[in-house]
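Trainee: Sharing a structure, written as structure tokens. Questions coming.
No value in this document is a laboratory result; all are computed from the given coordinates. Nothing here was measured: the structure is a model prediction, and the numbers come from that model. A quick note on method: Cβ atoms are made from the backbone with ideal geometry, for glycine too, and the neighbour counts reach across all protein chains shown.
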């Protein structure tokens, strides 16, 4: 699996492309109520096309879906795609998060930025924090975006005995706050009068009338386990537990939370529940790294700020 970011540090938006060196079996599970997606129905277990060539996580809300065309163009130029005899069609699924309220609302990932992210994709560890789809991400918006803290993109992986590898990449732009599941401490969330991060759940009732759609956490889980589309969808479902452990609340009416799960290579036999359990763990770690690696931008501090 290759990962590449395209980042606009001035407009504060970006996108992250995930390319598969061999076509991958991909499943998806959408839990948030406000998703923005492209070609996710094709990932259903009942859909006839089995493989996927790339995934895209992007800022820009619905505008950002245009960036997927750049990934398609990059792959087509290299002869990557479903062979239909007279053309090769790159199959690229995408999901968006809402970052238009941060930086410039006119700055949105388009085909050029999608192409840039695909061209930058490599096997090197991806940048974390303010990069790619995490560039304009924020968390803890129950008191309004002006009291939010910086989110970002994070990644983590594990290699187990027997050769099983499970990794995750998560762009954290949550309505809720982010907590360390081991200590319960709020790492990033709505800033109170003293600028300390507050408890979104405790603040929710008094702020319910001002909830907004400036949210969504997106994730990709990848494994070398051999999975069918139905099994990949189950792994994506189980991986959401990593979001449940770290984001409070999660999967709200104003989040479009989504996780893709990809079987890459299919080299290892492993039980679906084993892959899913570890997927939840690396997703949780990716969320924590996303907010800890993020840097503050004007008006939006981060957990790493002094």
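Trainee: To make sure I understand, if each residue's beta carbon is the centre and we count other beta carbons within 10 Å, what order do 89, 300, 187, 247 fall in, fewest to most? Intermediate values should be presented prior to the final figure.
Mentor: Working: 89 15, 300 24, 187 21, 247 28.
Ranking 89, 300, 187, 247 by Cβ neighbours within 10 Å, fewest first, gives 89, 187, 300, 247.
Trainee: What residue among 182, 51, 251 has the largest mean-square fluctuation in a Gaussian network model of the chain, using Cα springs under 10 Å?
Mentor: 182
Trainee: Test of understanding: what is the full-extension gain from residue 253 to residue 89, defined as 0.36 nm times their sequence separation minus their Cα-Cα distance? Write down the numbers at each step before the final one.
Mentor: Values: separation 164, 0.36 × 164 = 59.04 nm, distance 3.46 nm.
Extending this stretch completely gives an extra 55.6 nm.
Trainee: Ok, one more. Which option, (1) 62, 42, 33; (2) 65, 48, 34; (3) 65, 44, 42, is the value of Cα extents along the principal axes in Å that was calculated from these coordinates?
Mentor: (1)
Trainee: Determine the relative contact order of the stretch 1-48: mean sequence separation of Cα pairs under 8 Å and six or more apart, normalised by residue count, in whole percent. Mind showing how you got there, number by number?
Mentor: Details: 35 pairs, mean separation 13.1, N = 48.
Normalised by residue count, the contact order of the stretch 1-48 is 27 percent.
Trainee: Can you sort 293, 76 so the residue with the fewest Cβ neighbours within 10 Å comes first? All intermediate terms of the calculation are to be shown ahead of the outcome.
Mentor: Working: 293 21, 76 15.
If I rank by nearby Cβ atoms, fewest first, I get 76, 293.
Trainee: Rounded to the nearest Å, what's the spacing between the alpha carbon centres of the stretch 147-165 and the stretch 78-133? Just the number, please.
Mentor: The distance from the Cα centre of the stretch 147-165 to that of the stretch 78-133 comes to 19 Å.
Trainee: Most exposed first by the Cβ proxy, i.e. fewest other Cβ within 10 Å, how do 295, 150 rank?
Mentor: Details: 295 14, 150 28.
Taking fewest neighbouring Cβ atoms as first place, the list is 295, 150.
Trainee: Pick from 273, 257, 177: which residue has the top mean-square fluctuation in a GNM of the chain where Cα pairs under 10 Å get a spring?
Mentor: 273
Trainee: Once both axes come from the Cα atoms, what is the angle between helix 229-246 and the longest principal axis of the chain, in degrees from 0 to 90, rounded to 10?
Mentor: With both axes taken from Cα atoms, the answer is about 20 degrees.
Trainee: Just need the relative contact order of the chain here, percent rounded to a whole number, with Cα pairs under 8 Å and 6+ apart. The partial results should precede the final answer.
Mentor: Working: 961 pairs, mean separation 73.0, N = 306.
Normalised by residue count, the contact order of the chain is 24 percent.
Trainee: Quick check: the angle from helix 272-293's long axis to the longest principal axis of the chain, C-alpha only, nearest 10 degrees?
Mentor: Roughly 50 degrees, rounded to the nearest 10.
Trainee: Continuing with the same structure: Cα axis of helix 67-77 to longest principal axis of the chain: angle in degrees, 0 to 90, nearest 10?
Mentor: The helix 67-77 is inclined about 20 degrees to the chain.
Trainee: Taking square-rooted eigenvalues a ≥ b ≥ c of the alpha carbon gyration tensor, is the stretch 23-127 rounded, prolate or oblate, where a/c under 1.5 means rounded and, failing that, a/b exceeding b/c means prolate?
Mentor: On the way: a/c = 1.89, a/b = 1.30, b/c = 1.46.
It is oblate, given that a/c is not under 1.5 and a/b is not larger than b/c.
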